[in-house]
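The structure appears below as structure tokens.
The values are calculated or read from the model by the stated rules, or taken from the named source; none is laboratory data. If you're wondering where the values come from, they're calculated on a predicted model, not measured in any experiment. As a convention, Cβ positions derive from the backbone with ideal geometry for all residues, glycine included, and neighbour counts pool all protein chains shown. Protein only, heavy atoms only, side chains kept; ligands, DNA and RNA dropped before computing areas. Shrake-Rupley method; radii C 1.70, N 1.55, O 1.52, S 1.80 Å.
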Amino acid sequence: MAETVVAEVLAELAALEDPKARAVNEKHGDDHGVNLGKLRALAKRLKTQQELARRLWETGDTAARLLAILICRPKAFGRDELDSMLRDARTPKVHDWLVNYVVKKSPHAEELRLAWFADPDPVVASAGWALTTERVAKKPAGLDLAGLLDVIEAQMKEAPDRLQWAMNHCLAQIGIEHADHRTRALAIGERLEVLKDYPTPPGCTSPYAPIWITELVRRKNDATVA
């Protein structure tokens, strides 16, 4: 029965394949052609099914893994299982969803954050930085924010793309959330100029840290006044 269900779900995903969506996704390093809105609709219909999620993950197919992330129970995965999944999640969307939708909700999140943060694999390390950014925003107690800024200042400029992006997000989050570190965060961003020329669509905020920090702080201040 389990094999039949997996086969049926894979057939549904295959039927949702759209060459135009694949072309767009491949520009971002993602090898699937399923519209994410339709993928979410399928996940909503399937509801939470942990065993099916595990079986879909094991296929290695990107669309199947994205669906698995949406229908799994994050707290049901063991620490070593999540570590193995993260190291095997090589496409950006699977990696990002796994960290944001599963690992962040796991009781093992902090242990994995510490294990991944300085991993020699920059993609794995980027997950550690993403979890650190989450703590900067929501649970900063115990974090050495000045120390994080030291690492960012020393390493972000030459870091590989995925790791650089994660470190830059952490830099911006420190500047946005912690006024006592804001001046230094802005200065680091201005000196390193990481993502300064990143193409930003109209109406969106640039990922260049000085612009990102300034804009988000302005919005928070406006909301407080209102």
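Selection of the stretch 119-171 for residues being of a type in the set (Lys, Arg) and farther than 16 Å from residue 100 by Cα yields only 157. Looking at the stretch 190-220, which of its residues are touching a residue at least 40 places away in the same chain (Cβ under 8 Å) and under 14 Å from residue 157 (Cα atoms)? Result: 209, single match. Can you name every residue in the stretch 153-173 that is among the aliphatic types (A, V, I, L, M), over 24 Å from residue 90 (Cα atoms) and open to solvent by 10 Å² or more (accessible area, probe 1.4 Å)? The one that is among the aliphatic types (A, V, I, L, M), over 24 Å from residue 90 (Cα atoms) and open to solvent by 10 Å² or more (accessible area, probe 1.4 Å): 154.
Of the residues making up the stretch 135-152, one or more are open to solvent by 40 Å² or more (accessible area, probe 1.4 Å) and closer than 18 Å to residue 119 by Cα.
Checked across the stretch 174-187, the condition of being open to solvent by less than 80 Å² (accessible area, probe 1.4 Å), more than 23 Å from residue 30 (Cα to Cα) and not in a helix (DSSP H, G or I) holds for at least one residue. Residues of the stretch 1-23 that are among the β-branched types (Val, Ile, Thr) and closer than 13 Å to residue 42 by Cα: 9 alone. List the helices (runs of 4 or more DSSP H) inside the stretch 1-92, counting only whole elements, that have at least 3 residues being open to solvent by 60 Å² or more (accessible area, probe 1.4 Å). Ranges flagged: 2-15, 19-27, 36-46, 50-58, 79-88.
The residue that is nearest to residue 145 (Cα to Cα), counting only those in the stretch 194-222 that are open to solvent by 90 Å² or more (accessible area, probe 1.4 Å) and not in a helix (DSSP H, G or I), is 196. Yes or no: residue 119 under 27 Å from residue 76 (Cβ atoms) and at pLDDT 95 or above? The answer is yes for residue 119. Annotation: residue 119 fulfils all but one of (1) in a helix (DSSP H, G or I); (2) open to solvent by less than 60 Å² (accessible area, probe 1.4 Å); the unmet one is (1).
Exactly one residue out of 154, 187, 172, 223 is touching a residue at least 24 places away in the same chain (Cβ under 8 Å) and not β-branched (Val, Ile, Thr): that is 172.
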